[in-house]
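S.K.: Quick one: the structure is below, and I'll ask about it shortly.
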Amino acid sequence: MFALASILAALALLAGMLGLMELGTRWGKKRLALDPDGARAGTGAAEGAVFALLGLLIAFTFSGAAQRFDMRRDLIVAETNALGTAWLRLDLLPAAERAALQQGFRDYLDARLAAYRAMPDLEAARASLERAAGMQGEIWSRAVAACGSDGQARAMLLLPALNEMFDIASERTAATEMHAPEIVFGLLILLALGCALLAGFAMASSSTRNWTHRIAFAAVVSLTAYTIYDLEYPRRGLVRVDSFDHLLVDLRASMK
C-alpha cells in the first residue's frame, strides 16, 4: 500500500505540474496581450531564484536520503559481524553455561529477524523488537553469571562483544526512525508546482505548446521526488534495503 500510495502521489505531482504549466501559459498570454513589452520585464531573476532553490532542495534531500539508505545497509553488516563475534566467543564459556546462552542467541536473532520481516506492519515489528530487547537483559545476566568471579579473561572478551551487539541493535532501531522532516517534502512539492507555473508563464511567448519539454520537465521532477521519498522508507516502498538481511539469515543458519 505504501508503494502504491507513493506512485499515485508521484503521478498526482506529474499531473499537477502539467496543469500548472498550462495555467501559467494562459496567464502569460493574457499578460502579453495586455502589455506586450513589459509582461516579461524583471521576471527572469525571480524565476532563476525559485528554480535554483528547487535544485538545491532536491540535491540536499536526495543526498540525505541516499546517505541514510547506505547507513542502514552498513548497520546490517555491523550487526551481523557483532553477533558473529559474540557467538564465537561463547565457546570460551564452560559447556553447561554455553548451551543455554547459545539458545538465547538463537531466540534473540529470530526475534530481530521477525521484526524486520514484519515491515511495514509497524505494530508487529515493534512487538518483535520489544521481545528482542527483553532478551538482551537475560543474555547479559547469563553471560555475567557464566563468566564467574574466576573468569576475568572470559569476561573481558565476551562482555564487550555483547555490549557492542546490543548497541548496534539500538542504532538500527533508531535508524529506522531517522527521516527528513515531512515539511521538507511538502516544501519540495510546493516548489515543484511553483516552478511549473513559472515555466508555463515563460513559455507563453511561444505560438505552440512544446509538450515534449513540458512532460519531460514534470516527469523528471516527479520521478526524483518519488525516488527521494522511497529511499527514506527502504522497507516499505520499491527501493529495498532488506536484500542485506540475508547476512543475518545466513548467520542464523550457521548457529548449530
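The values are calculated or read from the model by the stated rules, or taken from the named source; none is laboratory data. Predicted, not measured: the structure shown is a model, and the values here were computed from it. Neighbour counts are summed over all protein chains in view; Cβ atoms, including those assigned to glycine, are modelled from backbone coordinates with ideal geometry. We work out accessible area using only protein heavy atoms, side chains counted, and drop any ligands, DNA or RNA first. Shrake-Rupley method; radii C 1.70, N 1.55, O 1.52, S 1.80 Å.
S.K.: For region 89-213, with equal point scatterers placed on the C-alpha atoms only and solvent neglected, what are the log10 I(q)/I(0) values from the Debye formula at q = 0.10, 0.11, 0.16, 0.17 1/Å, to two decimals?
M.R.: -0.53, -0.57, -0.86, -0.92
S.K.: Also: Taking only protein heavy atoms and a 1.4 Å probe, what accessible area per residue, in Å², does the chain have with all protein chains in place?
M.R.: Working: 13350 Å² over 256 residues.
For the chain, the solvent-accessible area averages 52 Å² per residue.
S.K.: For region 191-208, just list the computed ³J(HN,Hα) in residue order, Karplus coefficients 6.51, -1.76 and 1.60, θ = phi - 60°, integers in Hz, with x standing in for Gly and Pro.
M.R.: With coefficients 6.51, -1.76 and 1.60, one gets 5, 4, 5, x, 5, 5, 4, 5, 5, x, 5, 5, 7, 5, 6, 7, 6, 10 Hz.
S.K.: How high is the FRET efficiency between Thr212 and Leu187 when r is their beta carbon distance and R₀ equals 30 Å, given to the nearest 0.05? List each step's numbers first, then the result.
M.R.: On the way: r = 28 Å, r/R0 = 0.94.
The computed FRET efficiency comes out at 0.60.
S.K.: Separate question: Within the accessible area of region 57-104, what % is carbon and sulfur when the probe is 1.4 Å and the other protein chains stay in place? Numbers along the way, then the final one.
M.R.: Numbers: 1360 of 2270 Å².
Percent of accessible area from carbon and sulfur atoms in region 57-104: 60.
S.K.: Summing +1 for each Lys or Arg and -1 for each Asp or Glu, what net charge is found among the other residues whose Cβ lies under 12 Å from the Cβ of Ala174?
M.R.: Result for the neighbourhood of Ala174: 0.
S.K.: Charges only on Cβ, +1 for Lys and Arg, -1 for Asp and Glu: so what's the dipole of the chain about the Cα centre, in debye to the nearest 20? Before the final figure, lay out each step's value.
M.R.: Values: 25 positive and 26 negative charges, 157 e Å.
With only Lys, Arg, Asp and Glu charged at Cβ, the dipole is about 760 debye.
S.K.: How much accessible surface does Asp35 have with a 1.4 Å probe, in Å² rounded to 10?
M.R.: 70
S.K.: Report the normalised scattering of the chain as log10 I(q)/I(0) at q = 0.08, 0.14, 0.16 Å⁻¹, calculated by the Debye formula with identical scatterers on the alpha carbons.
M.R.: Reported log10 I(q)/I(0), two decimals: -0.50, -0.93, -1.09.
S.K.: Rounded to whole Hz and in sequence order, give me ³J(HN,Hα) for region 3-11 from the Karplus expression 6.51 cos²θ - 1.76 cosθ + 1.60, θ = phi - 60°, writing x for Gly and Pro.
M.R.: 4, 5, 5, 5, 5, 5, 5, 5, 5
S.K.: Calculate the dipole size of region 139-187 relative to its Cα centre from +1 charges on Lys and Arg beta carbons and -1 charges on Asp and Glu beta carbons; express the result in debye to the nearest 20. It would help to have the intermediate numbers written out before the result.
M.R.: Details: 3 positive and 6 negative charges, 51 e Å.
Computed charge dipole of region 139-187: roughly 240 debye.
S.K.: With a 1.4 Å probe and all protein chains in place, put Glu164, Glu232, Glu47, Glu97 in order of accessible area, largest first. Don't skip to the end; give the middle numbers.
M.R.: Working: Glu164 100, Glu232 0, Glu47 25, Glu97 75 Å².
So the residues, ranked largest to smallest area, are Glu164, Glu97, Glu47, Glu232.
S.K.: Measuring from label point to label point, each 7 Å out along Cα→Cβ, what is the Phe244 to Arg117 span in nm?
M.R.: 2.0
S.K.: Run the quick spin-label model on Glu22 and Leu159: label points 7 Å from Cα toward the beta carbon, then report their separation in nm to one decimal.
M.R.: 7.1
S.K.: Treating only the Cβ atoms of Lys and Arg (+1) and Asp and Glu (-1) as charged, compute the dipole magnitude of region 19-138 about its Cα centre; round to the nearest 20 debye.
M.R.: On the way: 15 positive and 15 negative charges, 92 e Å.
Using Cβ point charges on Lys, Arg, Asp and Glu, region 19-138 gives about 440 debye.
S.K.: What number, rounded to the nearest 500 deg cm²/dmol, is the helix-based mean residue ellipticity at 222 nm of the chain, given -39500 (n - 2.57) per DSSP H run of at least four residues and division by all its residues? Walk me through the intermediate numbers first.
M.R.: Numbers: 8 runs with 205 residues, N = 256.
Dividing the helical sum by the residues of the chain leaves -28500 deg cm²/dmol.
S.K.: A follow-up question, please. Rounded to the nearest 10 Å², what accessible area does Ser243 show when all protein chains are kept and the probe is 1.4 Å?
M.R.: 70
S.K.: Within the P(r) computed for region 1-153, what percentage of the Cα pairs occupies the region above 29 Å?
M.R.: Numbers: 6212 of 11628 pairs.
Result for the distance tail: 53 percent.
S.K.: Right, something else. Counting Lys and Arg as +1 and Asp and Glu as -1, what is the net charge of the other residues whose Cβ lies under 11 Å from the Cβ of Asp110?
M.R.: On the way: positive: Arg106, Arg112, Arg117, Arg131, Arg252; negative: Asp107.
So the environment of Asp110 carries a net charge of +4.
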